[in-house]
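Dropping the structure in here first, questions after.
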Amino acid sequence: MFDLLLRGGTVVTPHGVNVSDVAVSGEIIAAVANSGTIADDQAARVIDVSGKIVMPGGVDPHVHCKWHMPLPDGGVGYTEGPEVVSRAALYGGTTTLIDFAARMEEIPIREVIAQRDEDWVGNCYCDYAYHLMLLGDIEPPVLDELKDLLVDGYPTVKIFTTNITPSRSGRMVHFGDIWEVFKVISRAGGLGVIHAEDNDIVMHMYEKLIREGRVSFHNLAEVHNTLSEDLSFRRVIRLAEAEQTPLYMMHVSAGTGVKAIREARSKGQPIYGETLHQYMLYNSEDYKRPNGQIYHTYPSLKSPEDQAELWAGTLDGSINAVATDEICCSLQLKTVGDRIDDTTGGNAGVEPRVAVMYQEMVTVRGYSLSRFVDLVSTNAAKIMGLYPRKGAIAAGSDADIAVLDPTVKKKVRLEDLHEADYSPWDGHDVTAWPVITLLRGKVMVENGKFLGELADGKYLKREIPVEIRSGPKL
């Protein structure tokens, strides 16, 4: 007896797309069978999903919940936590989030993880994991501790090659320390996840534009520019090549970054690219729109030509995942900064991500359902060591499932969303929308009704597969 049967949907599986039935027992997918094979009386509940798309729950490998940010009064506050972001994610068909455990003071990394657990454990509706984030100078004891953590379920390490803005000194990891971290990552079977910009170029451009009086945020693309991405990507890639370190390049924004990844992959390097839906669909001209800060994250939006390269990368394997760089805050906080050196990064975008990408990939560009699912779910699960538990509709996988209704033709409306009091996607056309979301077999959202509980989310310990670390697998 199955607990749930999803009957007759267009099911996206690792082996292709077919009209099938999906049977769920407990938290696991028990069977994927030809439609009509399993009788109704073999399941406690049957949901007819004919005419709908049944896909694995989305995986967003890049979010920031309860992240510190400046307040208008000069103090420091926090963005919305996982209790808000995970709920919105589930409404949007995403069932797994990966955030960061950032070492912002000189304490053991395990203490950093314990502090992060206080934010997440019992406060998240969906499943989640952390990237470890190293900042500033890396002391030798940190490297020793890192060796154990990488093999204990925390295999991804976030590194910045820039301070991003002049006020954020201490964020950048110096190149020698990156070298030492890469050695540890390679030996322990981990993965480097990199925010790569050339700090000299970025800080030079801040100084130059401030000196010239061109301080409006409209000029951000000049500061966080394509040359910076080119130089930093190639430097990091060369160092990784020397140490045989697998890389995941976060939020690729420029064509120069795509080209650097493409060239490295052609030589057999294990390197993967992530971009963001705002980079793919907004460019630097959008800064000129009302409240143009809402389209910004770091690095900056770039040109239409850069966007074209990002889209090309989704077809040739240079771009493997579309994430959000989620920062969920109020419109007031998102727009409080209006200079090149104080504009708030990140976006409230986790809820509409799957639907927006379906519209742009499947409806507008004719991508197959399989390629779309790879880019919003499966590839991230594979790269981050979650597959086939996550990112697959297959027997034995977690029953994380999103059911999309492709008859929904509408515009994204702020009042229908569940994140912030603004959305950069308000008014964007969509041609499908998630109507049912399952997390490990539990119906979390059904026809607009939220059924989840804060205790539902579980932490996911991970291990990066050998094939991902050995070469450009995807």
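Here, each number is a calculation from the coordinates, and none is a lab measurement. Everything quoted here is computed from the prediction, not taken from an experiment. Note that each Cβ is placed from the backbone with ideal geometry, even for glycine, and that neighbours are counted across all protein chains shown.
How high is the FRET efficiency from V151 to W179, r the C-beta distance, R0 22 Å, rounded to 0.05?
Details: r = 21 Å, r/R0 = 0.94.
Using R0 = 22 Å, I get an efficiency of 0.60.
Given the pairs K158/K449; K66/K458; K158/K411; K66/K158; K158/K390, which are separated by over 25 angstrom at their Cα positions?
K158/K449; K158/K411
Show me, for segment 61-70, the HN-Hα J-couplings you get by feeding each phi into the Karplus relation (A = 6.51, B = -1.76, C = 1.60, θ = phi - 60°), rounded to Hz, glycine and proline as x.
x, 8, 9, 10, 9, 6, 9, 5, 8, x
Can you tell me, using C-alpha contacts under 8 Å and at least 6 residues apart, the relative contact order of the chain as a whole percent? Before the final figure, lay out the partial values.
On the way: 1131 pairs, mean separation 103.9, N = 474.
Answer for the chain is 22 percent.
Please list 139-149, 169-179, 378-388 highest first by mean number of surrounding beta-carbon atoms within 10 Å per residue. Intermediate values should be presented prior to the final figure.
Working: 139-149: 14.5, 169-179: 16.4, 378-388: 25.6.
So the peptides 139-149, 169-179, 378-388, ranked by packing, come out 378-388, 169-179, 139-149.
Here's another thing I want to ask about it. Within the chain, what percent of beta bridges assigned by DSSP are antiparallel, to the nearest 5?
Numbers: 36 of 74 bridges.
Taking every DSSP beta bridge with both residues in the chain, the antiparallel ones total about 50 percent.
Right, next: Once you charge only the Cβ atoms, +1 for Lys and Arg and -1 for Asp and Glu, what is the size of the charge dipole of segment 165-285 about its Cα centre, to the nearest 20 debye? Mind dumping the intermediate values first?
Values: 14 positive and 15 negative charges, 48 e Å.
It works out to roughly 240 debye.
With label points built 7 Å along Cα→Cβ from the Cα atoms of R289 and V215, find their separation and express it in nm.
2.7 nm
What residue among M357, S35, G136 has its Cα farthest toward the positive end of the dipole of the chain, where the charges are +1 on Lys, Arg and -1 on Asp, Glu, each on the Cβ?
Among M357, S35, G136, the one farthest towards the positive end of the dipole of the chain is S35.
Output wanted: per-residue J couplings in Hz (rounded whole) for segment 118-133, from phi through Karplus 6.51 cos²θ - 1.76 cosθ + 1.60, θ = phi - 60°, x for Gly and Pro.
4, 6, 10, 5, x, 10, 9, 6, 10, 7, 7, 8, 10, 7, 6, 10
Let me ask something additional. Hey, of [x] 4, 17, 25, 25, 19, 8, 2, 0; [y] 4, 18, 27, 25, 15, 7, 3, 1, 0, 0; [z] 4, 21, 32, 27, 12, 3, 0, 0, which did the structure itself give for P(r) over Cα pairs in 10 Å bins from 0, in percent when calculated?
Answer by label: [z].
To the nearest 20 debye, what charge dipole does the chain have about its Cα centre, counting +1 at the Cβ of each Lys and Arg and -1 at the Cβ of each Asp and Glu? Please report the intermediate quantities before stating the final value.
Working: 47 positive and 66 negative charges, 216 e Å.
Charge dipole, the chain, about its Cα centre: 1040 debye, nearest 20.
A further question on this structure: Pull up all non-local amide H partners of K52: gap of 5 or more, or a different chain, and H-to-H distance under 5 Å with H placed in the peptide plane.
T10
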